[in-house]
Amino acid sequence: MGKVLMKGNEALAEAAVRAGCRLYCGYPITPQTELMEYLSGRLPEVGGQFVQAESEVSAISMLYGAASTGYRVITASSGPGFSLKQEGISYMASQDLPGVIVDVCRYGSGLGLICPGQGDYFQATKGGGHGDYRLPVYAPHTLQECVDLMTLAFEKAEEYLTPVILLTDGALGQMMEGVELPEMQPVDPDKPWALKGKGEGEYRFLITDAYGGPAYDEGLRKKYKQIEDREQRWESIETEDADIILVAYGTSARICKRAVKMGRAQGIRLGLIRPVTLWPFPFQAFRPVRDTAQAFLSVEMSAIGQMVEDVALAVKGKAPVHVYTAGMVPPKEQRILTMAREILDGKLEEVF
């Protein structure tokens, strides 16, 4: 059908519908609200259901129940709302239930601000709620990647029977770009793990143990090890001969791509590792270059730096690791180049 011009949140919403999603449960919050507004009209057109819940807690609880029926389901929020969903996400993880949770990240702790940010990294990648679980986290940096990763998120949620997080930010949610939309996928809720009513002569699926025990724990370890081994995704740009390798995702990665070109034009050999999966973090991307690069620079829209801790784990002390915390605004190419020069001149103190 060719490319169509869409706003980021609306592109995410349409991609969910085309991936076979038939239920959205959520609560309004900036800068996510266009996603739910779009689905409020779109889902009924394809025989789906839209529910504006009375709170984020209710929304994730509804999603928990709906996910058990075998249908593809989604919710979305931002910052404070994402925090309120954590208990329900933990319950979904404990029950091995698939679903997609979109976090259109805003800046700051507490209520925060409606500016774009990347301060939900810890909450998305380190579990967020209580208990022992991990969730796959995808971090698109273009609207086309938002569309493509939405389909992948549903597929991986069902493959591994887990909630999956799609982490964007306010800039990606509000910008407009041309996207190619996929064809509509069929809706098939007849899954072997789904709960359903018992007809005459049909097998009834029963849950006898919600969580815990040696067998369950071993299953968890095996599942998350498989995801770590199989699902690391990233993009590497000009890293083979780079003196300094930038590490960035989402909106920050867009700026870093330009900074690499600008730096190279000025004789600064920059490279970029762009994590597409934040968990599993793409440690494999660092193995060929952690002995050759002089330093690594994590570029983030946060106040204190969050992803930088995983960058340090990936580098394993083989090179200095620095961080550029841009705060509530996208990072600046010139600031990246200035920091690169300071690193090369030994004037910038390393973080790790």
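The values are calculated or read from the model by the stated rules, or taken from the named source; none is laboratory data. All values derive from a computational prediction rather than experimental measurement. Cβ sites come from the backbone with ideal geometry, for glycine too, and all protein chains shown count toward neighbours. Side chains are part of the model used for accessible areas, which takes the heavy atoms of the whole protein and leaves out ligands, DNA and RNA. Shrake-Rupley method; radii C 1.70, N 1.55, O 1.52, S 1.80 Å.
Any idea how many residues of segment 331-340 are under 18 Å from Leu172 (Cα atoms) and surrounded by 18 or more Cβ atoms within 10 Å (Cβ to Cβ)?
So the count comes out to 1.
Taking Glu309, is it open to solvent by 10 Å² or more (accessible area, probe 1.4 Å), within 30 Å of Leu149 (Cα to Cα), at pLDDT 95 or above and part of a helix (DSSP H, G or I)?
yes
State which residue is least open to solvent (accessible area, probe 1.4 Å) when the search covers only segment 312-330 and only residues that are in a loop (DSSP other than H, G, I, E, B) and over 30 Å from Leu111 (Cβ atoms). Spell out how you get there, then give the answer.
Of all residues in segment 312-330, those in a loop (DSSP other than H, G, I, E, B) come to 316-320, 326-330.
Filter again for over 30 Å from Leu111 (Cβ atoms), leaving 316-320.
Working: Lys316: 139, Gly317: 73, Lys318: 109, Ala319: 11, Pro320: 40 Å².
Applying the filter and picking the extreme gives Ala319.
Looking at segment 77-191, what strands (runs of 3 or more DSSP E) fall wholly within it and have at least 2 residues that are buried (at least 24 other Cβ atoms within 10 Å of the Cβ)? Give the steps one after another, and end with the answer.
On the way: elements: 99-107, 113-116, 163-169, 176-180.
In segment 77-191, the matching strands (runs of 3 or more DSSP E) lie at 99-107, 163-169.
Yes or no: segment 246-253 includes at least one residue that is closer than 28 Å to Pro116 by Cα, open to solvent by 70 Å² or more (accessible area, probe 1.4 Å) and in a helix (DSSP H, G or I). Steps first, please.
Our first condition is that a residue be closer than 28 Å to Pro116 by Cα; within segment 246-253, this holds for 246-253.
With the extra rule that they be open to solvent by 70 Å² or more (accessible area, probe 1.4 Å), the set shrinks to none.
No, segment 246-253 has no match at all.
Filter segment 38-64 down to residues that are in a helix (DSSP H, G or I), over 26 Å from Gly112 (Cβ atoms) and either of a type in the set (S, T, N, Q) or open to solvent by 20 Å² or more (accessible area, probe 1.4 Å) (or both), then give me how many there are.
Number of matching residues: 4.
Just checking, how many residues over segment 289-300 are part of a loop (DSSP other than H, G, I, E, B) and either surrounded by 19 or more Cβ atoms within 10 Å (Cβ to Cβ) or small (Gly, Ala, Ser) (or both)? Steps first, please.
Narrowing segment 289-300 to residues part of a loop (DSSP other than H, G, I, E, B): 289-294.
Remaining after also requiring either surrounded by 19 or more Cβ atoms within 10 Å (Cβ to Cβ) or small (Gly, Ala, Ser) (or both): 289, 293.
The qualifying residues number 2.
Let me spell it out: the conditions are (1) within 21 Å of Ser94 (Cβ to Cβ); (2) open to solvent by 70 Å² or more (accessible area, probe 1.4 Å); (3) free of Cβ contacts under 8 Å to residues at least 60 places away in the same chain; (4) of a type outside the set (Lys, Arg), and Glu200 meets all of them except one. Which number is the exception?
(1) is the only condition that Glu200 fails.
Gly271 is checked against (1) part of a helix (DSSP H, G or I); (2) open to solvent by less than 10 Å² (accessible area, probe 1.4 Å); (3) without any contact (Cβ under 8 Å) to a residue 60 or more places away in the chain and fails just one. What number does that condition carry?
With (1) part of a helix (DSSP H, G or I); (2) open to solvent by less than 10 Å² (accessible area, probe 1.4 Å); (3) without any contact (Cβ under 8 Å) to a residue 60 or more places away in the chain applied to Gly271, the lone miss is (1).
Looking at segment 3-19 only, could you name the residues that are farther than 18 Å from Pro31 by Cβ and touching a helix residue (DSSP H, G or I) at 6+ places or on another chain (Cβ under 6 Å)?
Listed by number, the residues that qualify are Val17, Ala19.
Go through segment 233-245 residue by residue and tally those that are outside any loop (DSSP other than H, G, I, E, B) and surrounded by 21 or more Cβ atoms within 10 Å (Cβ to Cβ).
2
What's the total number of residues in segment 1-37 that are β-branched (Val, Ile, Thr) and in a helix (DSSP H, G or I)?
2
What's the number of the condition Ala303 fails, among (1) under 17 Å from Gly117 (Cβ atoms); (2) buried (at least 18 other Cβ atoms within 10 Å of the Cβ); (3) among the small types (Gly, Ala, Ser)?
(2)
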